[in-house]
Amino acid sequence: MSTFPHSNASLDPRPELRAAHRLQILARDEHDETPELESGKPHLSAVDLFKSYHKGSIAIPVLRGVDFAVRQGEFTAIVGSSGSGKSTLLHLLGTLDQPDRGEVRLNDERIDNLPARRRDTLRNTQFGLIFQFYHLLPEMSALENVLAPRMISDGVLKYWSRKREHEAEAKRLLEVVGLGHRMRHKPRELSGGEMQRTAIARALITGPKVLLADEPTGNLDRATGQEILTILRELNEREKLTVVMVTHDLGIAEQADRIVRLTEGRVEC
Ligand code: ADP
Ligand code: MG
């Protein structure tokens with residue numbers, strides 16, 4: 001049973017009411033705007049990034065001097081042909097991997113060269129990651145999947161001491177993504193769109209400031225993909241989250257504030 005007063009609204013089959021319900025939940029923290037949101041200064045930036053992969057003695061250059069900056073609260077789409085390095089770039093931005101040369105900066109502080117543990121902490125607190133194939137844990141319910149990053153970042157004792165609070169937040173986030181009625185379902189009992197909604201709620205549980213999404217609609221039909229994009233847009237507009245989304249779908253990319261195109265390892269001007 002949900003603890004949310006308006007939870008039945010998310011069951012309403014009319015999409016405009018479901019969206020209105022989500023906005024109602026999101027509107028709670030609207031007064032909580034930070035001053036940087038207004039200033040347009042860079043939130044996340046790539047400075048002359050280089051990255052090659054190595055196959056034996058052969059280096060395969062992928063990124064060859066990528067420069068771009070994402071402003072606070074901006075929704076940016078990264079596009080480029082398959083193999084152009086979009087995922088590589090997103091991984092570098094999210095400190096999942098390190099560049100060979102160049103810098104990744106968050107709020108104008110260099111983050112790519114931090115010690116591994118500091119990068120882990122930073123990733124857990126600042127970034128929410130969303131992938132094409134969801135990466136949900138199959139034996140866990142939607143609710144447990146959303147809670148998993150919290151369990152990992154807090155450790156057992158701290159997590160259990162605030163379990164009720166965390167569960168209430170996870171349920172709220174599942175309501176936000178329109179999945180209040182599927183909290184106890186396991187991934188195999190969810191549709192692709194529902195799995196991606198779960199993954200979005202999971203990305204939000206640690207309170208990130210930046211959402212990094214790698215082809216979040218890539219495995220979904222057009223209508224479902226559009227629903228996922230609408231959720232990401234709402235999070236961007238209502239919660240002022242900075243969003244960087246990789247996509248090969250121009251119809252999806254065109255709905256971003258800005259499109260950055262990767263060609264031959266660089267950002268096309
Ligand atoms: P995109 O996401 O744009 O399709 P990727 O960033 O996944 O591109 O990959 C860019 C290029 O780097 C591709 O040619 C790919 O084969 C290669 N590549 C990606 N990851 C690795 C890896 N771990 N080892 C070797 N080559 C890789
Ligand atoms: Mg990719």
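A short reminder: the numbers here are calculations on the coordinates, not readings from a lab. Because the structure is predicted, anything quoted here is derived from the model rather than measured. As a convention, Cβ positions derive from the backbone with ideal geometry for all residues, glycine included, and neighbour counts pool all protein chains shown.
Miscellaneous remarks
- Backbone amide hydrogens, once placed in the peptide plane, bring VAL260 within less than 5 Å of ALA77, ILE78, VAL79, excluding anything fewer than 5 places away on its chain.
- 3J(HN,Hα) from dihedral phi, segment 250-267, Karplus parametrisation 6.51/-1.76/1.60, rounded to Hz, x for glycine, proline: 5, x, 6, 4, 5, 8, 7, 5, 8, 10, 10, 9, 9, 9, 6, x, 9, 7
- Taking amide hydrogens as placed 1.01 Å from N in the peptide plane, the amide H of ASP214 sits under 5 Å from those of ILE130, PHE131, GLN132, VAL246, each at least 5 positions away in sequence or on another chain.
- Note on LYS41: aspartates and glutamates with a C-alpha under 20 Å away, same-chain residues under 8 apart excluded, are ASP32, GLU33, ASP67, GLU74, GLU103, ASP108, GLU109, ASP112, GLU237, GLU239, ASP257.
- In terms of packing, defined here as the mean over residues of other Cβ atoms within 10 angstrom, the peptides 236-244, 59-67, 165-173 line up highest first as 236-244, 165-173, 59-67.
- Net charge, GLY102 excluded, C-beta distance under 9 Å - Lys, Arg +1, Asp, Glu -1: -3
- 20 Å Cα-Cα reach of LYS55 towards lysines, excluding residues that sit fewer than 8 places from it in its own chain: LYS86
- The magnitude of the dipole of the chain, with charges of +1 and -1 set on the Cβ of Lys/Arg and Asp/Glu and taken from the Cα centre, is near 700 debye.
- Between ARG188 and GLN226, the contour length at 0.36 nm per residue exceeds the Cα-Cα span by 11.5 nm.
- Neighbourhood net charge (9 Å Cβ-Cβ; Lys/Arg +1, Asp/Glu -1) for GLY193: -2
- FRET efficiency, ARG64 to THR121 (Cβ-Cβ, R0 35 Å, nearest 0.05): 0.70
- Neighbour counts of other Cβ atoms within 10 Å put SER161, SER153, SER141 in the fewest-to-most order SER161, SER153, SER141.
- Here's the picture: a label point sits 7 Å out from the Cα of SER81 along the beta-carbon direction, and within segment 249-264 the residues with their amide nitrogen under 12 Å of it are 263-264.
- Averaging 1/r across all pairs of distinct Cα atoms in the chain and inverting the result yields a Kirkwood radius of 19.2 Å.
- Relative to the 2.2 N^0.38 Å rule of thumb, segment 100-256 has a C-alpha radius of gyration ratio of 1.06.
- Antiparallel beta bridges, as assigned by DSSP with both residues in segment 9-267, represent about 55 percent of the total such bridges.
- Each of ALA168, GLY192, LEU232 was placed along the dipole of segment 146-249 (beta-carbon charges, centred on the mean Cα), and the one lying farthest toward the positive end is ALA168.
- Number of Lys pairs (Cα under 22 Å; 8 or more positions apart or on different chains) in segment 118-237: 5
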